[in-house]
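The values are calculated or read from the model by the stated rules, or taken from the named source; none is laboratory data. Since the structure is predicted, the reported quantities are computational estimates derived from the model, not experimental observations. Here Cβ is always computed from backbone atoms with ideal geometry, including for glycine, and neighbour counts include all displayed protein chains. Note: accessible area is taken over every heavy atom of the protein model, side chains too, but ligands, DNA and RNA are not part of it. Shrake-Rupley method; radii C 1.70, N 1.55, O 1.52, S 1.80 Å.
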Amino acid sequence: FFWEDIGLSLSRVLCGLIIGCILGIGLAWLTNRFRWMHELFKPILTLTKTVPVVSFIMLLWLAFFQQKGAMPIIVSALMVFPIAWAEMTNGYRTMDQKLLEMAKCYSNPLNTFLYVRLPHLFPFVITGVSTSVGLAWKAGVAAEVICQPLSSIGEEIYRAKGNLDTDILFAWTAVVVLLSILLEA
């Protein structure tokens with residue numbers, strides 16, 4: 001069951017990471033395109049950044065009590081979302097407007113995206129993802145500990161805590177740390 005637990009936990013967290021990144025990048029594009037949306041979503045994003053992870057887990061667990069396997073995905077996505085949004089917003093704000101004007105004059109929109117926008121935004125995407133991976137992993141495992149979906153690292157940590165098996169608890173914690181290091185690399 002060891003590899004199954006690791007595989008399912010990793011898949012849940014990576015799914016949440018991908019969803020959070022897509023939502024954050026999409027919202028950054030929208031808030032850059034429509035300035036009024038930035039003001040509309042800013043309080044929500046501030047709330048997402050400031051509420052403790054365990055509060056999100058408990059509130060979402062109460063709302064989605066039957067969906068234990070979805071909780072790590074949702075919590076990971078919620079933790080990644082504001083980071084991806086902030087990084088991409090910084091990327092859009094630092095883009096050279098004169099270069100974009102020139103590209104519009106001499107190129108079509110696809111080439112402008114491929115050769116001007118994408119190379120500029122790519123480092124911001126990488127920074128956002130690398131910052132988010134560790135947070136998504138920790139939040140996802142914390143959600144698993146509280147919600148205990150079947151075949152998960154969090155379930156094993158909770159079981160070890162309940163049985164007072166400190167050696168097993170340390171072993172699973174070491175697995176979480178090693179996987180976090182590998183994911184961030």
Can we say Leu100 is closer than 22 Å to Cys21 by Cβ and assigned to a helix (DSSP H, G or I)? no
Listed by first then second residue, the pairs whose first member lies in segment 104-132 and is over 16 Å from Leu23 (Cα atoms), whose partner is of a type in the set (Lys, Arg) and part of a helix (DSSP H, G or I), with beta carbons under 8 Å and at least 6 positions apart or on separate chains, are Thr112/Lys104
Output for Cβ contacts, cut-off 8 Å, separation at least six or different chains, first residue within 15 Å of Arg12 (Cβ to Cβ) and touching a residue at least 24 places away in the same chain (Cβ under 8 Å) in segment 56-77, second assigned to a helix (DSSP H, G or I) and open to solvent by 80 Å² or more (accessible area, probe 1.4 Å), reads Ala77/Leu23
Filter pass, Tyr115 being touching a Phe, Trp or Tyr at 6+ places or on another chain (Cβ under 8 Å) and of a type in the set (Phe, Trp, Tyr):
no
Next on the checklist: Regarding segment 32-49, can at least one residue be identified that is open to solvent by less than 70 Å² (accessible area, probe 1.4 Å), more than 19 Å from Ser152 (Cα to Cα) and touching a residue at least 60 places away in the same chain (Cβ under 8 Å)?
Outcome noted: yes
Considering segment 118-157, residues that are hydrophobic (A, V, I, L, M, F, W, C) and more than 27 Å from Leu169 (Cα to Cα), and then whichever is most open to solvent (accessible area, probe 1.4 Å), we arrive at Phe122
Flagged in segment 50-76 as in a helix (DSSP H, G or I) and surrounded by fewer than 19 Cβ atoms within 10 Å (Cβ to Cβ), in numbering order, are Thr50, Val53, Val54, Ser55, Met58, Leu59, Trp61, Leu62, Ala63
Lys104 fails exactly one of (1) under 24 Å from Leu10 (Cα atoms); (2) open to solvent by 70 Å² or more (accessible area, probe 1.4 Å); (3) touching a Ser or Thr at 6+ places or on another chain (Cβ under 9 Å); (4) not β-branched (Val, Ile, Thr), namely (1)
Counted residues in segment 107-117 being open to solvent by 30 Å² or more (accessible area, probe 1.4 Å) and of a type in the set (Ser, Thr, Tyr) come to 2
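Say whether the condition of being open to solvent by 100 Å² or more (accessible area, probe 1.4 Å) and within 13 Å of Ser76 (Cβ to Cβ) is met by at least one residue in segment 21-31.
yes
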- Does Thr173 satisfy being within 14 Å of Leu14 (Cα to Cα), open to solvent by less than 80 Å² (accessible area, probe 1.4 Å) and either among the β-branched types (Val, Ile, Thr) or not in a loop (DSSP other than H, G, I, E, B) (or both)? no
Regarding segment 85-92, can at least one residue be identified that is out of contact with any Cys (no Cβ under 7 Å at 6 or more places or on another chain), farther than 13 Å from Ile25 by Cβ and open to solvent by 10 Å² or more (accessible area, probe 1.4 Å)?
no
